[in-house]
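For reference, the structure discussed in these notes is given below.
The values are calculated or read from the model by the stated rules, or taken from the named source; none is laboratory data. Everything numeric in this text was worked out from a predicted model, so none of it was measured. Note: ideal-geometry Cβ built from the backbone for every residue, glycine included; neighbour counts use all protein chains shown.
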Amino acid sequence: MQVRILGAQDIALLENVTPGLFDHALRPDQARAFLMSPLQAMAVATEAGDLVSFASGTVLLHPDKRPGFFVNEVGTRESHRRRGLGRAVTEALFAHVRAIGCAGIWLGTEPDNTAALALYRSLGGDEQRFVGFGWDGAFDLE
């Protein structure tokens, strides 16, 4: 098992991922744009050349403070869960964004997502309660 940060040179790895890791089928144009952007980051765990776990997110720029980082998603194949891979890719992602100067890291999850809550609590984050709002299908993106 290898954990690493993906870069623009890794597009073939994303384009050839076995279905079942991401919520939807990969969109090659979006995968390329994601990997080419300096404001996006993804840590992955690979096994036998295929992705088995990932954590991804977005650098948030502000006019009055240092960049922050929002974790978009953390996912692990069902066949590889409960092995510490979600933790490993999330920790790798955190280390990467701290190294590039992000001052704060945050994320949100559903209140009934017990696996995610357990992971994030184990990472020692400051748990906050907040209300989210979405427009134009923000919570139903495909």
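Return the only residue of D64, D23 being closer than 25 Å to V131 by Cα, within 16 Å of the chain's Cα centre (by Cα) and of a type in the set (D, E). Outline the logic, then answer.
Working: D64 fails: within 16 Å of the chain's Cα centre (by Cα).
Exactly one residue qualifies, and that residue is D23.
Taking region 82-101 on its own, how many of its residues are farther than 12 Å from A45 by Cα and more than 15 Å from the chain's Cα centre (by Cα)?
Here the count works out to 4.
Answer yes or no: is there a residue in region 65-74 that is buried (at least 17 other Cβ atoms within 10 Å of the Cβ), among the charged types (D, E, K, R) and under 22 Å from A115 (Cα atoms).
Checked against the condition, which is being buried (at least 17 other Cβ atoms within 10 Å of the Cβ), among the charged types (D, E, K, R) and under 22 Å from A115 (Cα atoms), region 65-74 yields no hits at all.
List pairs: first in region 111-131 and at pLDDT 90 or above, second of a type in the set (V, I, T) and outside any helix (DSSP H, G or I), Cβ under 6 Å, 6+ apart or cross-chain?
Pairs found: A116/T109.
Looking only at region 18-52, count every residue that is small (G, A, S), surrounded by 18 or more Cβ atoms within 10 Å (Cβ to Cβ), in contact (Cβ under 8 Å) with a residue 40 or more places away in the chain and farther than 19 Å from G101 by Cα and tell me the total.
1
Which pairs do you get when a residue that is under 12 Å from M1 (Cβ atoms), found in region 65-91, comes within reach of a residue that is in a helix (DSSP H, G or I) and at pLDDT 95 or above, reach meaning Cβ atoms under 6 angstrom, with the pair 6+ apart or on two chains?
Between residues of region 65-91 that are under 12 Å from M1 (Cβ atoms) and residues that are in a helix (DSSP H, G or I) and at pLDDT 95 or above, the close pairs are T76/L85; T76/G86.
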